[in-house]
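Written out below as structure tokens is the structure these notes cover.
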Amino acid sequence: MTRVVSKKVKDLANYLIEAEKSQKPINPLTDVNPDLTLDEAYEVQLQVVQEKQSQGVKIVGKKIGLTSRDMQVMYGIDTPDCGHLFENMIVENNHEVSFNDVIQPKVESEIAFVLKKDLQGPNVTVEDVLQATDYVLPSFEIIDSRIKDWNVKLQDTVADNASSGLYVLGDKPVSVDEVNLPDISMKVYQNGQLMKEGIGKNAMEHPAAGVAWLANKLAEFDVSLQAGEVILSGALATTIDVVPGDEFTAVFEHLGEVKVTFTKN
């Protein structure tokens, strides 16, 4: 399906692309364009994705954001959002992230799905997701924003690829048949101190429900989830702000742990 892209969408996409290149945050898109709709915001995201693909950057997955009720309350909304994961967003487990490579990062702890089959909405169910999943892993999503001071409305974060930054995956693949995903508990430690606790059902009552929502939402734009892709299924607790020197460890029941450290440079 050929997308018809308006000048408004192209201009906003270029605005975000330049902010990412320069590492200098910009004013909210909704300040510049108060009439920006949610559908237009997704079109801006897809335009940025298309530009990156044209430069040879490969899509390796998708993400769901704002799945927990706590996060929705924080942003004053009642729906999740979604974005794309690129090959240059991957951080190896137990490795470091330089503050030169981020703008204003926060961390979230999530269950990651790796697919063995394509998922094309609409009407994808939790059972469809489980059957299409190769394995699950613990993960950190390092969210980031090209918008100054995280002063975002839903349209801003959607346009900005759902505030995607980087992500870290654990090392031990686990079959969905071996665990009860809604009951998996999780603890997050910042510099050795317990900061957050969560459970699988905090993400839309079932982590696979977020993946199903994602497949169905992206179908509106003729986008599907592909075999081999990583799908970040939504935070199990609220975000944690990051400063240089921070070390984060998330420990997931049955899934193992994931760790990342942030350096000044």
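All but one of (1) exposed (fewer than 15 other Cβ atoms within 10 Å of the Cβ); (2) closer than 16 Å to LEU232 by Cβ; (3) of a type in the set (Asp, Glu); (4) touching a helix residue (DSSP H, G or I) at 6+ places or on another chain (Cβ under 9 Å) hold for GLU110; state the number of the condition that does not hold.
(1)
Run GLN155 past the list (1) at pLDDT below 95; (2) of a type outside the set (D, E, K, R); (3) not in a helix (DSSP H, G or I) and report the number of the one that doesn't hold.
Every listed condition holds for GLN155 apart from (3).
For the stretch 124-152, which positions are among the aliphatic types (A, V, I, L, M) and in a helix (DSSP H, G or I)?
Looking only at the stretch 124-152, we keep the residues that are among the aliphatic types (A, V, I, L, M), and these are 124, 126, 129-130, 132, 136-137, 142-143, 147, 152.
Across the stretch 124-152, the qualifying residues are VAL126, VAL129, LEU130, ALA132.
Being among the acidic types (Asp, Glu), assigned to a helix (DSSP H, G or I), closer than 17 Å to TRP150 by Cα and without any contact (Cβ under 8 Å) to a residue 40 or more places away in the chain, is that true of even one residue in the stretch 24-41? Quick ask: steps written out before the conclusion?
Initially, the stretch 24-41 is screened for residues among the acidic types (Asp, Glu), giving 31, 35, 39-40.
Subset that is assigned to a helix (DSSP H, G or I): 31, 39-40.
Pick out the ones that are also closer than 17 Å to TRP150 by Cα and you get 31.
If we keep only those that are without any contact (Cβ under 8 Å) to a residue 40 or more places away in the chain as well, we get 31.
Yes, some residue in the stretch 24-41 is among the acidic types (Asp, Glu), assigned to a helix (DSSP H, G or I), closer than 17 Å to TRP150 by Cα and without any contact (Cβ under 8 Å) to a residue 40 or more places away in the chain.
So which residues in the stretch 172-192 are over 15 Å from SER109 (Cβ atoms), out of contact with any Gly (no Cβ under 7 Å at 6 or more places or on another chain) and not β-branched (Val, Ile, Thr)?
Quick first cut of the stretch 172-192, residues over 15 Å from SER109 (Cβ atoms) only: 172-180, 182-183, 191-192.
Subsequent filtering for residues that are out of contact with any Gly (no Cβ under 7 Å at 6 or more places or on another chain) retains 173-180, 191-192.
Residues satisfying the conditions are PRO173, SER175, ASP177, GLU178, ASN180, ASN191, GLY192.
Looking only at the stretch 145-158, how many residues end up being in contact with a strand residue (DSSP E or B) (Cβ under 9 Å, 6 or more places away or on another chain) and crowded, with 23+ Cβ neighbours inside 10 Å? Steps first, please.
Keep residues of the stretch 145-158 that are in contact with a strand residue (DSSP E or B) (Cβ under 9 Å, 6 or more places away or on another chain), which gives 145-148, 150, 154, 156-158.
Remaining after also requiring crowded, with 23+ Cβ neighbours inside 10 Å: 145-147, 156-158.
Looking only at that region, the number is 6.
Just need a number here: residues in the stretch 218-256 that are of a type in the set (Val, Ile, Thr), farther than 16 Å from PRO173 by Cα and crowded, with 16+ Cβ neighbours inside 10 Å. Explain how you work it out, then say what you get.
Just the residues of the stretch 218-256 that are of a type in the set (Val, Ile, Thr), to begin with: 223, 230-231, 238-240, 242-243, 249, 251.
From what's left, farther than 16 Å from PRO173 by Cα: 223, 238-240, 242-243, 249.
From the residues that got through so far, the ones that are crowded, with 16+ Cβ neighbours inside 10 Å too are 223, 238-240, 242, 249.
Result for the stretch 218-256: 6.
What do you reckon, is GLY165 farther than 14 Å from LYS106 by Cβ and touching a residue at least 60 places away in the same chain (Cβ under 8 Å)? Break it down into steps so the answer makes sense when it comes.
Details: farther than 14 Å from LYS106 by Cβ: no; touching a residue at least 60 places away in the same chain (Cβ under 8 Å): yes.
Considered against the rule, which asks whether it is farther than 14 Å from LYS106 by Cβ and touching a residue at least 60 places away in the same chain (Cβ under 8 Å), GLY165 comes out as no.
Yes or no: the stretch 94-103 includes at least one residue that is surrounded by fewer than 24 Cβ atoms within 10 Å (Cβ to Cβ), closer than 27 Å to ASP222 by Cα and modelled with pLDDT under 95.
We begin by selecting, within the stretch 94-103, every residue surrounded by fewer than 24 Cβ atoms within 10 Å (Cβ to Cβ); these are 94-103.
Then keep just the ones that are closer than 27 Å to ASP222 by Cα; that gives none.
No, the stretch 94-103 contains no residue that is surrounded by fewer than 24 Cβ atoms within 10 Å (Cβ to Cβ), closer than 27 Å to ASP222 by Cα and modelled with pLDDT under 95.
With the requirement that a residue be of a type in the set (S, T, N, Q) and assigned to a strand (DSSP E or B), what does the stretch 169-228 give you?
Of the stretch 169-228, the ones of a type in the set (S, T, N, Q) are 175, 180, 185, 190-191, 193, 202, 216, 224, 226.
Result: SER185, GLN190, GLN193.
Which residues, counting only those in the stretch 55-71, are assigned to a helix (DSSP H, G or I) and modelled with pLDDT of 95 or more? Break it down stepwise before answering.
So the first thing to find is which residues in the stretch 55-71 are assigned to a helix (DSSP H, G or I), and the list is 69-71.
Answer for the stretch 55-71, where residues must be assigned to a helix (DSSP H, G or I) and modelled with pLDDT of 95 or more: there is none.
How many of the residues in the stretch 70-107 are farther than 16 Å from THR239 by Cα, of a type in the set (S, T, N, Q) and without any contact (Cβ under 8 Å) to a residue 60 or more places away in the chain?
Number satisfying all stated conditions: 1.
Please work out which residue is surrounded by the most Cβ atoms within 10 Å (Cβ to Cβ), limiting yourself to the stretch 169-209 and to residues that are aliphatic (A, V, I, L, M) and over 16 Å from THR238 (Cα atoms).
ALA208
The values are calculated or read from the model by the stated rules, or taken from the named source; none is laboratory data. Keep in mind that this is a model prediction, so the values were computed, not measured. All Cβ positions, glycine included, derive from the backbone under ideal geometry; neighbour counts span all protein chains shown.
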